[in-house]
Amino acid sequence: MAQPSVILATASYDHTIRFWEAKSGRCYRTIQYPDSQVNRLEITPDKRFLAAAGNPHIRLFDVNSNSPQPVISYDSHTSNVMAVGFHCDGNWMYSGSEDGTVRIWDLRTATCQREYESRAAVNTVVLHPNQKELISGDQNGNIRVWDLAANSCSCELVPEVDTAVRSLTVMWDGSMVVAANNRGTCYVWRLLKGTQTITCFEPLHKLQAHDGYILKCLLSPEFCDPNRYLATASSDHTVKIWNVDGFKLERTLVGHQRWVWDCVFSVDGAYLITASSDSTARLWTMSTGEAIRVYQGHHKATVCCALHDGAESAPS
């Protein structure tokens, strides 16, 4: 099976994962996922595998196979896995779960190498571009930085007490982090390097982005520069695009009929893919804010999407 240059996948409450031809909108592969819902999808840097975070496991599927079976399963979590991602060299994977832990896994052996206690259900985890720190956000409103070298929590902050942090995103150059919460608010910090390697948070901006929940926030990728954007996907059925320079609203993406759960930028930041409870995923062009493709096939809410349209692995 020839590897497509663009890998686009979605998952739904209908217990399927679907692979799509991004341009035509044709679904070319469906994987049945009967064990649980899928909360998050992520593609490995080498484009070979797709990780599906479920309850309570993570399953890895071969992108270039028609096999319905996972290649490997990661089984130490005890509740919903809400976050998953990869180190840039693809050797290890990180995850966050409603069981209150952040974990690091050896990708090949499926062994859990480290476990960090967040003491509340973890909703979101991101890897700092320095590849040495994980940042997690939980249901109690805590944000924690986990220093992988020191193997400990190096920083803890609570932007809004008892307000769940739903999503975190870090600028590709490590200069900024954004946290989105259940009250439609984004907190923005400038990331400063102290004399040590520990990242320090300097408050930069508070953005009241939506009236409803923000379910995903995402900063634009490196090849979008010099333009820098923040996308916020919400329960109000919209995605808003903010210019990071001053946090002015650039455009509102209108078209989904229900909650928008997830979004992902193309590698050059020119397009955005979104996933919604209206059972569709959509492809938007950033220049006009128009939906230019609708991916239809799921029978229930489409809650996550993954896209890899770049090179096989990050340039050094």
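The values are calculated or read from the model by the stated rules, or taken from the named source; none is laboratory data. Model, not experiment: these values are computed from the prediction. Glycine also receives a Cβ, built like all others from the backbone with ideal geometry; neighbour counts cover every protein chain displayed. Just the protein is used for accessible areas: all its heavy atoms, side chains included, with ligands, DNA and RNA removed. Shrake-Rupley method; radii C 1.70, N 1.55, O 1.52, S 1.80 Å.
Numbers for the structure displayed
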read-out: Label-point gap, in nm, between Trp172 and His205 - each point 7 angstrom along Cα→Cβ; value: 1.9 nm
read-out: Solvent-accessible area per residue for the range 132-227 (1.4 angstrom probe, square angstrom); value: 43 Å²
read-out: Average accessible surface area per residue within the range 249-303, 1.4 Å rolling probe, Å²; value: 42 Å²
read-out: The chain - charge dipole about Cα centre, Lys and Arg +1 at Cβ, Asp and Glu -1, debye rounded to 20; value: 520 debye
read-out: Heavy-atom accessible area per residue - the range 1-60, 1.4 Å, Å²; value: 38 Å²
read-out: Sites Ser287 and Val6, calculated FRET efficiency, Cβ-Cβ separation with R0 22 Å, nearest 0.05; value: 0.70
read-out: For Tyr271, residues with placed amide H under 5 Å, excluding near neighbours; value: Ser266, Met286
read-out: Rounded percent of accessible protein surface that carbon and sulfur make up, the range 123-241, 1.4 Å probe; value: 49 percent
read-out: Carbon/sulfur fraction of accessible area - the range 5-95, other protein chains in place, 1.4 Å, %; value: 46 percent
read-out: Pairwise label distance in nanometres, Thr78 with Leu249, each label 7 Å out on the Cα-Cβ vector; value: 4.4 nm
read-out: Magnitude of the charge dipole, the range 63-210, Cβ model with Lys/Arg +1 and Asp/Glu -1, debye to 20; value: 280 debye
read-out: For Tyr33, solvent-accessible area (1.4 Å; no DNA, RNA or ligand), Å²; value: 10 Å²
read-out: Difference of contour (0.36 nm per residue) and Cα-Cα distance, Cys112 to Val158; value: 13.8 nm
read-out: Label-point separation in nm, Phe223 to Asp89, each point 7 Å along Cα→Cβ; value: 2.4 nm
